[in-house]
Structures are given as C-alpha cells and as structure tokens.
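Participant: The structure under discussion is supplied below as structure tokens; questions concerning it will follow.
Each value in this text was obtained by applying a stated rule to the coordinates, not by laboratory testing. The model shown is predicted, which means the values in this text are computed figures rather than measured ones. No Cβ is skipped: glycine too gets one built from the backbone with ideal geometry, and neighbour counts run over all protein chains shown.
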Amino acid sequence: MFLSPRRSSRFAPLLWVAGALGAVGSSLPAAEPAAAPADGPRDSPAAWADERLPALLDLYRHLHSRPELSNQETATAAKLAEEWRAAGYDVTTGVGGTGVVALLKNGAGPTVMFRCDLDALPVTEATGLPFASQVKTERPGGGETGVMHACGHDVHMTSVTGAGRYFAEHRDDWSGTVMLIAQPAEEIGAGAKAMLEDGLFERFPKPDYAVALHVTPNAAAGTVETLAGYSLANVDSVDVTFHGRGGHGAQPHTTQDPIVMAAEFVLSAQAIVAREVKPTDPAVVTVGSIHAGSKHNIIPDEATLQLTVRSYSDAVRKQLIAAIERRANAAAAAAGAEPPTVNASEGTPSLYNDPALTARLTAVFQNELGADAVGTGEPSMGGEDFSRYGKAGVPNPTTLPGPSRLRA
C-alpha cells in the first residue's frame, strides 16, 4: 500500500491500526460497522491514535534526526527494540545483521507480519526543520555527505510502533500472533534477503500474511492507495564492456573502436522493449552510464556501460537479459572485435500483492478512514525488497480468507 500522511495528524498510525485489526482479527466473526459519535468512542482506533499521537511524533522526530545508512542501523534498531519491549513484545535483535523481530502472542489465530525498514539515504537534509538531521558521513570515493530519512522510513517505523502498541493495549479485540520486523538495508535491496537467510521464517513463526506500506508524494495528503497484483518491478543491473583496439583518432582504420560499438548497442537496445517484448508486458531497459576514453584524439581500448533493467514477470526478466547479451555481441561482431563482457546481477524481485488480501484490507481502510480517503495506486517500475517475503511463501494461499471472515 502507498500512504500520503498529513505531517501532524493521526492518519499514519490509524491506518496501521485499521489494517492490523483487519488482518489479525480474521478469527473473529464479521460485523457490520456500527455508527459512532463524531469523536468516536474512547477505545476506538481513532480516539486511541489521537491520544497517543504526541508520543508517536516524539519517536518520529527522534528517528528522523538520527538516521543511519544501510547495514549501519545499530542505534535505530536498538531504539525500536527498546520501544517494542516496553510495549510487551518478545524481542530478538541482530537478525540478518541489524534486523529486529518482535512477537506478541495472543491465543489461537493467524500470524501477521508488519514490516518497517531501518535505513536512511546519503542525502544532505535542507528542510530547516528543528529536528532535521545533522548527521554526516564519508563518501566511499571521498568527500562528505549528509544522511537523511529522505524516503520515509522514519514514518514507517513510527507507524508500525504505533500499531504494535495498540495491539498490546487491546488484546481483547483480536487473537493470533503479531510479528513486527524492523528490516535493515532496504535502500540497497539487501535486508530482506539477509533476514530470510538468517532464518527469519525458521527461527520465528512463518507469517500467514505480511503487510507493509510506503509513503508517497504522488497521492493527496491524508489518503491511502492500495494495488492488487504487480506493484513494483524486478530490478536488475547489467554491466557491458566492449573490448576494442585503441589507437590515434587520426588513424581510425587501424583500430576497433569500442565507443562506436557502444553507441550502436545503445541504439539497438532501445528496440528490445519496442520490438521484442509483448506490448502488454511492462519492461524498461535504460543505459545510465557510459565510460570510455581519456582524450579528444585517442580511441580507447574499452568502453563500459551500466544498465538498469526492469520487468514484472520472470519470463520477461530472462528475455531482457538474453536480448541485451545478444545485441551487445552483435555490435562487437560487426566491428570484428572479440565478444564483450556482459555481467548481469539480479536485484530485488517484483512485488506482487495478493488480490484477496488487498481487497480485504482495502475494505477495512474504507470502513475506518472513509471511501474518499482510499484509492487505487498505479504500478511502478521501482523496486522494493519486501517482495522477497512473498517469494518465501507469504501470504499462505491456503489460509487466505474469503470476505465472510473479514473483521471490519
């Protein structure tokens, strides 16, 4: 789901509470939504969120002002572990690096995982907010940069913590097991894999359902969007190096120019999506970097290109990589040069939202937040490693409920 929260509202924690009850409460009978007073009863999710908002905003400001980069989130993880223990959860740290897993068992019922991400980006904050990040770090290639929660992970952590507190304080309203996870290294697409490889679903209960959100600037403030089916893309990186024979620019006939090979390949690669991929299958092939040569009049020996490749289905993913290698080989062969070096590295897999669970939670959000506040998102060719939990078998299709089991 995608969320566009008001900065100073109950919306984000209320969204999580609504979705959380809709998922965890599957063992409870369906109920017609009851009319409530304008301010809601004291123990309603909305009233609870209003009362707890100041403390949650304090947590948000704390997290925002102290960001940490991927796989370095030690203080952030410790803060969430402290918050979740204080709420009554059984907490384990150091899962997949700096990851945190918290469990709250409350009788028979499904296990529902709520995931937030810990890491920030190497971005210098210029908001001027009183709680703006002042954190600095060294760049890998030299120089200094700021660190900032520019992608909203501070909101994600605060929202999951708010929902977690609600569960702990309202155990009579639900049954099952709540599983909160704080995942490292989402920004580099590595954290979910690391937690799974560290036994996330063997050391802890394998969830029946997994839910996550991401803030977005593309929706109106105070609204939430859900999307069934493919939501985010396979993300792959491909490096292509053409090997030529360098020489003087005044004597090009004595060379095998790798820059010309690269140029021909760039144009040829544009035809992969346009002419090889079925028009109804989303795909992107983008050349983002070309490096070759050092001087005006010298033809170099090599030219290296870096590509990002996006798709939804596994079949198209394989088709794109094969087409890139074939067309790169053709460009080199046309120049009489040796075959290029093509290295493809798989990034995050595509994110597919289970339609039944999406429909179920959409109905809950509409009931709690109002139909006008809930929309349908658009598929994106961006990436998110939350998809790896789906690849690991969550949600479990044998436990997905029908509408009759929805708790409003």
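Participant: Take the Cα atoms of the stretch 304-354, find their three principal axes, and give me the spread along each one in whole Å, biggest first.
Facilitator: 50, 18, 10
Participant: A further question follows. If one takes the longest principal axis of the Cα atoms in the chain, at what angle in degrees, from 0 to 90 and to the nearest 10, does the Cα axis of helix 45-65 lie?
Facilitator: Roughly 40 degrees between the two axes.
Participant: Still on this model: Give me the distance in nm between label points sitting 7 Å out from Cα along the Cα-to-Cβ direction at Phe131 and Arg326, one decimal.
Facilitator: For Phe131 paired with Arg326, the spin-label model returns 5.4 nm.
Participant: Among Lys136, Lys193, which comes first, then next, by fewest other beta-carbon atoms within 10 Å? Show your work: numbers first, answer last.
Facilitator: Working: Lys136 11, Lys193 17.
Arranged by neighbour count, lowest to highest, Lys136, Lys193 become Lys136, Lys193.
Participant: What's the exposure ranking of His62, His296, going from fewest to most Cβ atoms within 10 Å? It would help to have the intermediate numbers written out before the result.
Facilitator: Numbers: His62 15, His296 6.
Ascending Cβ contact count within 10 Å gives the list His296, His62.
Participant: Also: Given points 7 Å out from each Cα along the Cα-Cβ axis, report the Gln251 to Glu276 separation in nanometres with one decimal.
Facilitator: Simple spin-label model gives 3.7 nm for this pair.
Participant: What share of all Cα pairs of the stretch 171-242, in percent, falls into each consecutive 10 Å distance bin?
Facilitator: 11, 32, 35, 16, 4, 1, 0
Participant: Starting from the Kirkwood Rh over alpha-carbon pairs, what translational D in µm² s⁻¹ does the stretch 123-233 have by Stokes-Einstein at 4 °C and 1.567 mPa s? Spell out each step's value before the answer.
Facilitator: Numbers: Rh = 17.5 Å.
Answer from the Stokes-Einstein relation: 74 µm²/s.
Participant: How many times 2.2 N^0.38 Å is the alpha carbon radius of gyration of the chain?
Facilitator: Here the Cα radius of gyration is 1.14 times the empirical estimate.
Participant: To the nearest whole percent, what portion of all C-alpha pairs in the stretch 234-346 is separated by more than 25 angstrom? Intermediate values should be presented prior to the final figure.
Facilitator: Working: 1506 of 6328 pairs.
Tail of P(r) above 25 Å: 24 percent of Cα pairs.
Participant: Here is a further query. Would you order Glu378, Glu169 from fewest to most other beta-carbon atoms within 10 Å of each residue's own beta-carbon? Intermediate results must be reported in sequence, preceding the final value.
Facilitator: On the way: Glu378 11, Glu169 14.
Ranking Glu378, Glu169 by Cβ neighbours within 10 Å, fewest first, gives Glu378, Glu169.
Participant: Using each residue's phi in the stretch 330-346, evaluate 6.51 cos²θ - 1.76 cosθ + 1.60 at θ = phi - 60° and report the 3J(HN,Hα) Karplus result to the nearest Hz, with x for Gly and Pro.
Facilitator: 5, 5, 5, 4, 5, 8, x, 9, 5, x, x, 8, 10, 10, 10, 10, 6
Participant: Roughly how tilted is helix 355-369, in degrees to the nearest 10 and between 0 and 90, from the longest Cα axis of the chain?
Facilitator: The two axes meet at around 50 degrees.
Participant: Another question about this same structure. In the stretch 305-358, what trypsin sites (Lys or Arg not before Pro) fall in a loop by DSSP, with at most 15 other Cβ atoms inside 10 Å?
Facilitator: On the way: sites: Arg310, Arg317, Lys318, Arg326, Arg327; in loops: none.
Hits after loop and neighbour filter: nothing returned.
Participant: A further question follows. Which cross-chain or sequence-distant (5 or more) residues have an amide H under 5 Å from the amide H of Gly94, H modelled 1.01 Å from N in plane?
Facilitator: Gly99
Participant: Then there is this: Can you spot the aspartates and glutamates whose alpha carbon is less than 14 Å from Lys391's alpha carbon? Ignore those fewer than 8 places along the same chain.
Facilitator: Glu197, Asp208, Asp314, Asp354
Participant: Next question, about the same structure. About its Cα centre, how strong a charge dipole does the chain have in debye, to the nearest 20, once Lys and Arg get +1 and Asp and Glu get -1 at the Cβ? Don't skip to the answer; put the middle values down first.
Facilitator: Working: 32 positive and 45 negative charges, 63 e Å.
Rounded to the nearest 20 debye, it is 300 debye.
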